[in-house]
Amino acid sequence: MALFTKICGLTDADALDTAVTHGADMCGFVFFPPSPRSLSAEQAEALLREMPTGIDRVGVFVDPETDYLDRVLAKARLDLLQLHGDETPDRCRAISIYFGLPIIKAFKVSTREDVEKARDYEDLVDWLMFDARPPAGADRPGGHGNSFDWSILKGASFNRPWILSGGLTPENLSEAVKRSGATAVDVSSGVESAPGKKDPAKIRAFLDAARSL
């Protein structure tokens with residue numbers, strides 16, 4: 001089975017075109033102002049206008065209010081919502097029902113016990129994502145480029161597919177997949193030349209590395 005890939009935090013047309021033409025399965029767009037990758041609804045609308053069908057468009061949110069989701073979705077056509085905050089199982093389910101969209105629920109992990117917390121969500125969301133815990137005092141839950149002990153995911157089995165995230169790069173992808181057993185991966189800072197600035201060459205390298213596994 002080919003490795004499933006998501007390129008996240010896209011902010012410009014060149015990077016988006018590279019992700020699309022080199023075979024990404026999902027493209028992620030961040031709607032969380034503290035992030036250097038954050039987009040307004042209007043910016044996302046313009047960026048997504050020329051994006052072809054057949055690739056999932058994921059909106060990344062952190063503990064979003066329903067009104068905020070309404071405003072973004074009125075402008076940007078998204079296929080999935082990624083919830084990257086402290087959303088409860090009930091909140092995830094309510095958002096999915098209200099908007100009629102699949103949910104990716106992200107979890108901040110550093111131990112096997114953190115991974116097990118996903119069991120409370122696995123029957124209520126469509127995807128699970130395991131990301132590294134942010135540094136102390138961080139103002140956002142992800143996108144810091146740090147990783148965790150991938151082996152804590154080895155052998156993990158859930159009722160929903162799961163995605164490995166956090167600190168992945170073209171260079172360490174093979175090792176991360178080997179140690180975790182992941183069949184789906186997400187990258188953001190690992191394909192950037194600076195925070196919030198995607199590097200098309202690194203995107204190509206990451207997707208090439210994924211295809212080789």
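Numbers for the structure displayed
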{"item": "For Arg112: the one exception among (1) open to solvent by less than 30 Å² (accessible area, probe 1.4 Å); (2) over 17 Å from Phe32 (Cα atoms)", "result": "(1)"}
{"item": "Any chance Glu45 is more than 20 Å from Thr5 (Cβ to Cβ) and in a loop (DSSP other than H, G, I, E, B)", "result": "no"}
{"item": "Whichever residue in the range 69-91 is over 19 Å from the mean Cα position of the chain (by Cα) and more than 19 Å from Leu124 (Cα to Cα) and, among such residues, is most open to solvent (accessible area, probe 1.4 Å)", "result": "Arg71"}
{"item": "Tally, over the range 1-42, of residues that are assigned to a loop (DSSP other than H, G, I, E, B) and of a type in the set (A, V, I, L, M)", "result": "6"}
{"item": "Verdict on Leu73 being aliphatic (A, V, I, L, M), over 21 Å from Thr21 (Cα atoms) and without any contact (Cβ under 8 Å) to a residue 60 or more places away in the chain", "result": "yes"}
{"item": "Some residue of the range 119-133 being modelled with pLDDT under 95, part of a loop (DSSP other than H, G, I, E, B), over 26 Å from Pro34 (Cβ atoms) and of a type in the set (A, V, I, L, M, F, W, C)", "result": "no"}
{"item": "Number of positions in the range 52-62 that are surrounded by 14 or more Cβ atoms within 10 Å (Cβ to Cβ) and out of contact with any strand residue (DSSP E or B) (no Cβ under 7 Å at 6 or more places or on another chain)", "result": "1"}
{"item": "From Ser157, Ser193, Ser174, Ser151, residue being part of a loop (DSSP other than H, G, I, E, B), of a type in the set (S, T, N, Q) and at pLDDT 90 or above", "result": "Ser157"}
{"item": "Residue that is nearest to Pro200 (Cα to Cα) [pool: residues in the range 24-46 that are open to solvent by 20 Å² or more (accessible area, probe 1.4 Å) and modelled with pLDDT of 95 or more]", "result": "Asp25"}
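The values are calculated or read from the model by the stated rules, or taken from the named source; none is laboratory data. Computed from a predicted model, the values in this text were never measured in an experiment. Note that each Cβ is placed from the backbone with ideal geometry, even for glycine, and that neighbours are counted across all protein chains shown. Note: accessible area is taken over every heavy atom of the protein model, side chains too, but ligands, DNA and RNA are not part of it. Shrake-Rupley method; radii C 1.70, N 1.55, O 1.52, S 1.80 Å.
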